[in-house]
1. Return the pair list, or none, for Cβ contacts closer than 6 Å from residues in segment 42-56 that are of a type in the set (Phe, Trp, Tyr) to residues that are assigned to a strand (DSSP E or B), at least 6 apart or on different chains.
2. What's the total number of residues in segment 35-44 that are assigned to a helix (DSSP H, G or I) and open to solvent by less than 70 Å² (accessible area, probe 1.4 Å)?
3. Which ones in segment 45-62 are over 25 Å from Met8 (Cβ atoms) and either touching a strand residue (DSSP E or B) at 6+ places or on another chain (Cβ under 8 Å) or surrounded by 14 or more Cβ atoms within 10 Å (Cβ to Cβ) (or both)?
4. Looking at Ala79, Ala26 in this structure, which one is part of a helix (DSSP H, G or I) and modelled with pLDDT under 95?
5. So which residues in segment 36-79 are among the β-branched types (Val, Ile, Thr) and under 21 Å from Cys22 (Cα atoms), if there are any at all?
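The values are calculated or read from the model by the stated rules, or taken from the named source; none is laboratory data. Keep in mind that this is a model prediction, so the values were computed, not measured. Backbone-built Cβ (ideal geometry, glycine too); neighbour counts: all protein chains shown. The area values use the complete protein model at the heavy-atom level, side chains included, leaving out ligands, DNA and RNA. Shrake-Rupley method; radii C 1.70, N 1.55, O 1.52, S 1.80 Å.
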Amino acid sequence: MARGKVQMKRIENPVHRQVTFCKRRAGLLKKAKELSILCDADVGVFIFSNHGKLYELATNGTMQGLIEKYLKSTQGAQAEPVMQTQPL
C-alpha cells in the first residue's frame, strides 16, 4: 500500500505538530548519520524546536570543530574574489 502525498502546510493541531516534529527530527538525524557513514562525510545539523530547544548532531568530532572548519572554508572562498578585483 502506497503512502499518500503530504501537503506542505503548517499543522494546526499542536499535539499532531509536536509528534510530527519528533518523528521527522529523528528521521533527519538518522539520514545525516547514514550519509556520514556511507560517504565518509563530516555532517553537522542544528535543529531548534519552536520552544527554543536545541538538537544537534556532529558526526565526526565536535560541532565546534565542524563550525571552525566551515569558517575556515568560507573565509578562504570570500578572500579569493576580493584579491582578484584589486589592480596589480
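1. Partner pairs satisfying both residue conditions: Phe46/Glu56; Phe48/Leu54; Tyr55/Ile47.
2. Final tally of qualifying residues: 1.
3. Answer for segment 45-62, where residues must be over 25 Å from Met8 (Cβ atoms) and either touching a strand residue (DSSP E or B) at 6+ places or on another chain (Cβ under 8 Å) or surrounded by 14 or more Cβ atoms within 10 Å (Cβ to Cβ) (or both): Ala58, Thr59.
4. One residue alone meets the criteria, Ala79.
5. Those that are among the β-branched types (Val, Ile, Thr) and under 21 Å from Cys22 (Cα atoms): Val43, Val45, Ile47, Thr59.
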